[in-house]
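Readers should treat all values here as calculations from the given coordinates under stated rules, not as data from a laboratory. Everything quoted here is computed from the prediction, not taken from an experiment.
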Amino acid sequence: MKHAHEERKTDTRVYTSTALVPEVRTAFAKLYLAWKAHGQLKSDFLALLSEAGYDVPLRTLDDWVANVRAQGSATSSAKASGRPHALSQKAIRLLVGFVLDRNESNIEVHLDTVQTFVHDRLGLDISLRTISNYLHNAGFSSKVTQNKAAGFKLSSASLCNLALHWLRTTPLDVPRSKLCSVDFAFSGHRKDLRSSWSPVGGSQPKSGTSVSTYTNCIITCVWADGKNRTPAMLFTYNQKFRRDRNPTEKRNAEVAHLDECVTRYEIDEDRIVYVGKEKGENRTFVTENADLVRRFFEVYGVEKNCTVLSDNGNAFKDNGVDIFDALGFKRHRYYPAAVHQYLSPNDNRLHGAAKKAWTESMVDFSDDVLACCYLLNLLDWCNKDVRKWFNTNLQLKEKEPTLERIEALIKGERVSESDYYKECLDEYRIFTGQDVE
């Protein structure tokens, strides 16, 4: 196989980008980021620059964008003279390839592991701080890892091929108004990672923000045509959501507060269901189960000639029987467990978008009624983008699902589109004796 970096050896074109001053390079990179944010293609941006008389290679634009993200400028502000860099350009590319290869294999990358690679394989001793600078300049950042067992034992390439096979073999050619995706979400804060600025060297900062002890279960059902015909419902053990208790002064105040919250956030009363015991209920965590799914669809009376998408969890089975078959739906398709979190428009976008806005808001999380009504409101608001998420995740607008789009979905658009990253990964794998596709 002939690699892109081999093809460039015979390329004698002269690019006008080499004569551009740093300020213009930075401006082009920032313009592309704005262009990309509006859903436009990189190839169209490069074509537009070419029409204006600026021939910019794809890899050059990738480098500029990576530098802007890392340091705010397309080119390094460091002087050309002075102490030489610790790593050559070839070594930097191998370092980048090393990190990408571990990402592909779902292996954690830390500064000390990169330092060990540089020492053992490249024969160089450099500090952790210098390693950090190289990674930032190459467009990497330290992120909280995902910890889902299903699928994370597979490489990124295997996940992409699995998702592509499912899309190509699962018939989704039904009217958009007949295609929906169902999933569960939760209102709890047990896994929230909160942060706060504090002096370097000081103790770990503490948060005085209190949260509700209740974790309520939410069912979302989104439709491929983007219509919110089945708004999210919340199931709870919190008796402050009840309206059927014998009146007392305290209970009357709680009902009044509930009325105020559902009115403020435009939530219909039947979207909140108390599922606890009439008396003596002390549970706080509502688990996902088939009975909740049954209640959800009984409320909305959805037509049965629909195709329902969901994960293959036990919550969608009632004593081993498919709950949607029991409810009389025409078709029920399961997302593969390993790639469910990428394909599902509920799990991949709706829940994340709403929960991010919710956790970053100033709402009083100790007030479960107020906070949950607000979360339902945010799920309604985020529903406006559902049609787009069906297109992206399930490739509904494409004649044939493509591996390129799946890679952008699973690996991230920037990684999948970057020729620089692809070349670095190939060079690292050749360096370590691996096969290169």
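Summary of computed values
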item: Amide H contacts under 5 Å for Thr215, placed H, 5+ residues apart; result: Phe285, Val286
item: Nonlocal amide H pairs with Asp311, under 5 Å, H built at 1.01 Å; result: Tyr335
item: Base-10 log of normalised Debye intensity for the stretch 279-437 (one unit scatterer per alpha-carbon) at q = 0.21 Å⁻¹; result: -1.45
item: Derived scalar couplings ³J(HN,Hα) [the stretch 284-291; Karplus, 6.51 cos²θ - 1.76 cosθ + 1.60; whole Hz; x for Gly, Pro]; result: 10, 10, 8, 8, 6, 7, 5, 5
item: Semi-axis lengths, Å, the stretch 364-433, gyration tensor of Cα atoms, sqrt of 5 times eigenvalues; result: 39, 20, 8
item: Largest to smallest principal axis extent of the C-alpha atoms in the stretch 208-320, angstrom; result: 48, 35, 31
item: In Hz, Karplus ³J(HN,Hα) per residue of the stretch 337-350 (6.51, -1.76, 1.60; θ = phi - 60°; x = Gly, Pro); result: 4, 5, 10, 3, 5, 9, 7, 5, x, 6, 6, 9, 2, 4
item: Residues with amide H under 5 Å from that of Asp318, placed H, sequence gap 5 or more; result: Ile323
item: Euclidean distance of C-alpha centroids, the stretch 359-390 and the stretch 295-325, integer Å; result: 24
item: Hz values of 3J(HN,Hα) by residue in the stretch 296-311 - Karplus curve (6.51, -1.76, 1.60), Gly and Pro given as x; result: 4, 6, 5, 5, 8, x, 5, 4, 7, 8, 10, 9, 9, 10, 7, 6
